[in-house]
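Just below is one structure, and these are the notes that go with it.
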Amino acid sequence: MNKDELKQSLTFETGIQRLEQIVRDLEQNNISLDEALELFGEGIRLVKSCNIILDSAEAKVKVLLEDGQGQLVTEQYVSGEN
Amino acid sequence: MSDSILTVSEVNQEINDALKRNPKLWNCWVTGEISNFKDHIPSGHWYFTLKDEYAGIKAVMFRTRTVATGFKPQNGMKVLIRGSVKLYEKDGNIQLYAEEIYPSGIGALYLAFEKLKDQLSVEGLFSPERKRPIPKFPSKIAIVTSPTGAALRDILHIARRRNPNISLLIVPSAVQGDAAPGEIAGAIEKANSYGDIDLLIIGRGGGSLEELWAFNTEEVARAIAKSEVPVVSAVGHEIDYTIADFVADLRAPTPSAAAEMAIPVLADLHANVAYYAEKLRTRMNYLLEQKHHRLQVLISENSLVRPGWIIEQSRQDLDVRCQQLQEAMTGFVTEKSGILKLLSAKLDLLSPLAVLGRGYTLAYDAKGCVVKSMKQIKEGDSLSLKFRDGSAGCCVNRVENS
C-alpha cells in the first residue's frame, strides 16, 4: 500500500479506533488461535500505517480562497513575517 | 364645583396613576447623559439628572442596585438605564427609578447580546445534544480568522510546536467591523463546502466588546450551528464570552488555547501508536503462552504420551474377562459334575445290581431269565447265581412252596 492509497483508505483516527477494538477482541480469553493471529496481523499492519500517516502528513499551511469564478482554491500560505 | 377641587395629594395621586397606566414608562430603557451626579453619603443612593439635548429628568438609583453596577457614573457620561418612571409625591417630582445602568454603547450591545442569547437558547442552539464531538486526532484543521491577526500567528506557532506535520487551512475573514459577521459566516460555509476538514477553529485575539462584536451576531451563531465540521470558538481572552462560544462545539478561552486543545502533540501520537503496538505484542504473547500451556497439558495426558496405552489397557481388560470366563466355566462344570455324581448315586440305589452289594443274589434260569418265582423251576434245573462280584452255576436239589 503506498502512501496515497493509505491516506484515502485510512485516517489516523479510524486506525487508532480499530486498534483499540483489536486489543479489546484479543483480550477475550476464548478467542481462537487463528482469530488471534489474524487480528494480531491486522493490528501490526495498522500500527505501521498509523506511523506512516503521522510521518507522511503534508506539513502544509494553505489559504482557502475564491477564484474569479467563485470556485474554491487553495494557495500556499506566506507568513506576513517572512 | 367643589367636586372638581383637588388636593395636592389627589393631584399627585392622579399623576402617579396616569404614569403607572402607561406601560412605556414601566420597566423601560432610557438613554441619556448624566449631570448633577451625587453619591449620597451615608445612604449610598445615587441621585442625578439624566438629560439629552432638549430635556432632563431626575433619576435615583438606590444602594441595593448600585452595588451591582460595575462602574461609577460621572457627569457627562452617556448611559443606558433600565427602570421605571414614578412620581415622588412628597415634592411632586417625576423621577426615573433606575434598576440597571450601563455605559451607553456597551449597554446597547449588552442588551442585544442578552436578547440574542435568550432567543438562541430557547431555540436550543446551545443544547449539549447538538454539540458535535471534537475529533481526538484531527489531521486537517481549518482556521477562520484574520490572515494578519495575532490569533493566526499564535495558532500557527503552537501548531508547529505541537505537530509540525499537521495540515492547516486558513480561511481568511474580517473579524471586526460591519463586514465581519457576513465574512465569518461565509468563511465557515466555504470551509464546509471545501470539505476534507476535521475541525474548524474560528476566532480572533483580544479586543474591546465592540471589536469582538461580530462573534455575538446571529449570522455567525447560525453559521456555526449549521457547520457540519465541528467548531472550536476562540474569541478574545479568557474572560470574554461570546454567543459564538455558546453555539460552538467547544469553547477555547483563547486562540492559543484552541490550538493546544485541538492539535495533539506528534510525539504523543507516536506514543499512542507505540502503546497499541506494545499492547498487541504482550497480548499475543500471552495468548500464545496460554495456548502452548493448554497444549502441554494435553500432551502430558497418557493417551498422547503412550499411544499403545489404550491397546495395553484393552489387552489387560481382555485378560481379566478371559479369566472371569474361565472361572465361570469351571464353576459351571464343577457344579454339573456334582449333580451328575448325586444323580448316579441315586441311580445306583435303584439298580438291581446294587442289591447284590448288600448280600443278595440274582438267579437266572438256563435261558438267562431272572427267576422271580419257584414256579419257574423244578428239581434238576441248572441256575446261574449272580453275585456282586461274580456268578456261580448251581443245580436245583429241591423246590418247596414257602
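Taking every eigenvalue of the Cα gyration tensor of chain B, multiplying by 5 and rooting it, what semi-axes result, largest first, whole Å?
The answer is 137, 39, 17 Å, longest axis first.
Averaged across orientations, what area in nm² does the convex hull of the alpha carbons in region B:45-137 project?
10.0 nm²
Run the helix sum for chain B: -39,500 (n - 2.57) per DSSP H stretch of 4+ residues, divided by residue count, reported at 222 nm to the nearest 500 deg cm²/dmol.
-14000 deg cm²/dmol
Among the residues of region B:256-294, which ones have their accessible area go down by 40 Å² or more when all the protein chains sit together, as opposed to their chain alone (1.4 Å probe)?
Buried by 40 Å² or more upon assembly, which counts only protein chains, are B:His270, B:Val273, B:Tyr276, B:Lys279, B:Leu280, B:Arg283, B:Met284, B:Leu287, B:Lys291.
Longest exposed-loop-site-free stretch of chain B, with chymotrypsin sites (Phe, Trp or Tyr not before Pro), DSSP loop and at most 16 other Cβ within 10 Å?
B:72-359
What GluC sites (Glu not before Pro) does region B:182-221 have in DSSP loop regions with at most 13 other beta carbons within 10 Å?
B:Glu210
State the volume of the convex hull built on the alpha-carbon positions of region B:10-87, expressed per residue in Å³ and rounded to an integer.
Normalising the Cα hull of region B:10-87 by residue number yields 114 Å³.
Can you list the aspartates and glutamates whose alpha carbon sits under 20 Å from that of B:Lys115, skipping same-chain ones fewer than 8 residues off?
Within the straight-line cut-off, B:Lys115 pairs with B:Glu99, B:Glu100, B:Glu123, B:Asp178, B:Glu210, B:Glu211, B:Glu218, B:Glu219, B:Asp240, B:Asp245.
Mind listing which GluC sites (Glu not before Pro) in region B:19-127 are in a DSSP loop and have 13 or fewer other Cβ atoms within 10 Å?
For GluC sites (Glu not before Pro) across region B:19-127 that sit outside H, G, I, E and B with at most 13 neighbouring Cβ atoms in 10 Å, the list reads B:Glu53.
For region B:140-264, what is the relative contact order in percent, using Cα pairs closer than 8 Å and at least 6 residues apart in sequence?
Value for region B:140-264: 28 percent.
Among B:Ser43, B:Ser373, B:Ser233, determine the one that fluctuates most according to a GNM of chain B built with springs between C-alpha atoms less than 10 Å apart.
Taking springs between Cα atoms under 10 Å, the residue moving most is B:Ser373.
Step by step: find N for region B:354-395, compute 2.2 N^0.38 Å, then divide the Cα radius of gyration by it. What's the final number?
1.13
Of the candidates B:Lys341, B:Lys372, B:Lys20, which one comes out as most mobile in a Gaussian network treatment of chain B with C-alpha springs shorter than 10 Å?
Result for chain B, Cα springs under 10 Å: B:Lys372 fluctuates most.
Per residue in region B:164-186, which ones lose no less than 50 Å² of accessible surface when going from chain alone to all protein chains (1.4 Å probe)?
Going by heavy-atom accessible area, the residues of region B:164-186 that drop by at least 50 Å² are B:Asn165, B:Ile170.
Using a Cα-Cα cut-off of under 22 Å, which lysines could be cross-linked to B:Lys336, ignoring same-chain neighbours fewer than 8 residues away?
Output for B:Lys336: B:Lys346.
Provide the descending list of Cα extents for the protein assembly as shown along its principal axes, expressed in whole angstroms.
203, 84, 47
Which value, in Å³ per residue, describes the convex hull spanned by the Cα atoms of region B:206-249?
57 Å³
Among DSSP beta bridges lying fully in region B:16-174, give the percent that are antiparallel, nearest 5.
Restricted to region B:16-174, the bridges split so that about 75 percent are antiparallel.
If the elastic network links every pair of Cα atoms under 10 Å, which of B:Asn22, B:Asn272, B:Asn216 fluctuates the most in the Gaussian network model of chain B?
B:Asn22
Two decimals is fine: what is log10 I(q)/I(0) at q = 0.19, 0.21, 0.22 Å⁻¹ for region B:152-290, from a Debye sum with one equal scatterer on every Cα and no solvent?
-1.05, -1.23, -1.33
Are there GluC sites (Glu not before Pro) in region A:14-82 that DSSP marks as loop and that have at most 15 other Cβ atoms within 10 Å, and which are they?
Taking region A:14-82 and a limit of 15 other Cβ atoms within 10 Å, the loop GluC sites (Glu not before Pro) found are A:Glu27, A:Glu58, A:Glu81.
Using a Cα-Cα cut-off of under 22 Å, which lysines could be cross-linked to B:Lys367, ignoring same-chain neighbours fewer than 8 residues away?
Within the straight-line limit of under 22 Å, B:Lys367 reaches these lysines: B:Lys375, B:Lys378, B:Lys386.
Hey, what angle do you get for helix B:106-123 against the long axis of chain B, alpha-carbon based, 0 to 90 degrees rounded to 10?
Computed tilt is about 30 degrees.
What number, in percent, do you get for the relative contact order of chain B if the mean sequence gap of Cα pairs under 8 Å and at least 6 apart is divided by its residue count?
Contact order relative to length: 9 percent.
I need the Kirkwood Rh of region A:3-57: take the reciprocal of the average 1/r across all distinct C-alpha pairs and report it in angstrom.
It works out to 11.7 Å.
Counting protein heavy atoms only and a 1.4 angstrom probe, how many square angstrom of accessible surface do chains A and B bury in total, to the nearest 100?
Approximately 3400 Å², summed over both chains.
Per residue, how much accessible surface does region B:1-118 expose to a 1.4 Å probe? Answer in Å², no decimals.
Result: 65 Å² per residue.
Calculate the translational D of region B:273-326 in whole µm² s⁻¹ from Stokes-Einstein, where the hydrodynamic radius comes from the Kirkwood formula applied to all Cα pairs, the temperature is 4 °C and the viscosity 1.567 mPa s.
88 µm²/s
The values are calculated or read from the model by the stated rules, or taken from the named source; none is laboratory data. It should be emphasised that the depicted structure is a prediction, and the values quoted were computed from it without experimental measurement. Cβ atoms come from the backbone with ideal geometry, glycine included; neighbour counts cover every protein chain shown. Protein only, heavy atoms only, side chains kept; ligands, DNA and RNA dropped before computing areas. Shrake-Rupley method; radii C 1.70, N 1.55, O 1.52, S 1.80 Å.
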